[in-house]
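Input: a single structure, listed below in structure tokens.
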Amino acid sequence: MNKLALLGALALSLLSPLSMADEAKPVRIGIEAAYPPFAMKTPEGAITGFDYDIGNALCAEMQVKCVWIEQEFDGLIPALKVRKFDAVLSSLAITPERLKSVDFTNKYYSTPARLAMKAGTVLNDPLADLKGKKIGVQRASIYDRYATAVFAPAGAEVVRYSSQNEIFLDLTAGRVDATLADVVNIDDGFLKTDAGKGFALVGPDYTEAKYFGDGVGIAVRKGDKAMAERFNKAIAAIRANGKYQEVQNKYFQFNVYGE
């Protein structure tokens, strides 16, 4: 073997194990575990929920270990950018604004936003009828962005919180008049609980892509195409082999993936 060929063989022998090791190393995933039924804590303090189960199914498909790292919602993308974790799987909508700072996989579910208010409330014209009302939203969420851009200029007061659960507490206490949030989170995390008695979904679905994006995806660092593609292949695989359906049926009685 000539010297050039020997050097080439040596380079390949060094690169291949590194590449394989990179593929096999654990994937650190950021999540906010306060967003039922997508992510929440059991009485024993363990993380559970649709996001968590889907993430574990994706890691199993990729044959890697998931390492879950909890983070408050408004800190998820900043923490991803400083490499606290490799991806965020925490009900992040794929919006034009977020795509300026991170990349996304293909969607893994899609649900609309809705308002929740006292049962019997009628909104014939939401912009007019919400004037003077306090609307609770989760800080740095798509609901915050929409309420700030649309409801606030029409005269509503936008009140921001660290978590959606805090908003539900203040809604029942009368400190806010409404909340704008994911329809499934409102229904499962509030209306179906004792605290949600006397409240209901009101008004239309909110789906405008400019604010609410094109479904919910997994965020990765800008330019990390390899990580995004690994997740994309795994999403397609669990959709095809029935694992996605199995996880979906554990939490929902409808097609949460959307069209």
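For the Cα trace of the range 97-173, dividing Rg by the Kirkwood Rh returns an Rg/Rh value of 1.01.
Fully extending the segment from residue 139 to residue 224, taken as 0.36 nm per residue of separation minus the present Cα-Cα distance, adds 28.0 nm. Apply the Debye scattering formula to the chain, with a single equal point scatterer on each alpha-carbon and no solvent, then give log10 I(q)/I(0) at q = 0.07, 0.14, 0.16 Å⁻¹. So the normalised log intensities are -0.29, -0.96, -1.20.
Relative to the current alpha-carbon distance between residue 69 and residue 195, full extension at 0.36 nm per residue lengthens the span by 42.5 nm. DSSP bridge analysis restricted to the chain gives an antiparallel fraction near 60%, rounded to the nearest 5. Would you mind calculating the gained length between residue 173 and residue 214 on full extension (0.36 nm times residue separation, minus the Cα-Cα distance), in nm to one decimal? That works out to 11.4 nm of additional length. Short-range pairs are left out: with C-alpha atoms under 8 Å and at least six residues apart, the relative contact order of the range 67-148 is 30 percent. Within the range 102-241, antiparallel bridges make up roughly 65 percent of the DSSP beta bridges whose residues both belong there. Residues of the range 67-106 with an amide N closer than 16 Å to a point placed 7 Å from the Cα of residue 166 along the Cα-to-Cβ direction: 71-76.
Each residue was assigned an accessible area with a 1.4 Å probe, and for residue 101 the value is about 40 Å². When the Cα convex hull of the range 125-259 is projected onto planes of every orientation, the mean area is 10.0 nm².
Within the assembled protein chains, the solvent-accessible surface assigned to residue 53 is about 30 Å², based on a 1.4 Å probe.
In this structure, the pairs whose alpha-carbon distance is over 18 Å, taken from 41/65; 107/233; 84/222; 25/250, are 41/65; 25/250. The label-point distance for residue 24 and residue 246, in a model that sets each label 7 Å from Cα toward Cβ, rounds to 2.5 nm.
For residue 210, the aspartates and glutamates whose Cα falls under 20 Å of its own Cα, not counting residues fewer than eight places away in the same chain, are 74, 97, 103, 144, 182, 259. Using a simple spin-label model with pseudo-atoms 7 Å out from Cα toward Cβ, residue 154 and residue 83 lie 4.6 nm apart. Beyond 21 Å, the tail of the calculated P(r) for the range 166-246 holds 54 percent of the Cα pairs.
Estimated from helices alone, the mean residue ellipticity of the chain at 222 nm is -10500 deg cm²/dmol (sum of -39500 (n - 2.57) over DSSP H runs with n ≥ 4, per residue).
The values are calculated or read from the model by the stated rules, or taken from the named source; none is laboratory data. Quantities reported herein were computed from a predicted structural model and do not represent experimental measurements. Here Cβ is always computed from backbone atoms with ideal geometry, including for glycine, and neighbour counts include all displayed protein chains. Please note that ligands, DNA and RNA were not included when accessible areas were found on the heavy atoms of the full protein model with its side chains. Shrake-Rupley method; radii C 1.70, N 1.55, O 1.52, S 1.80 Å.
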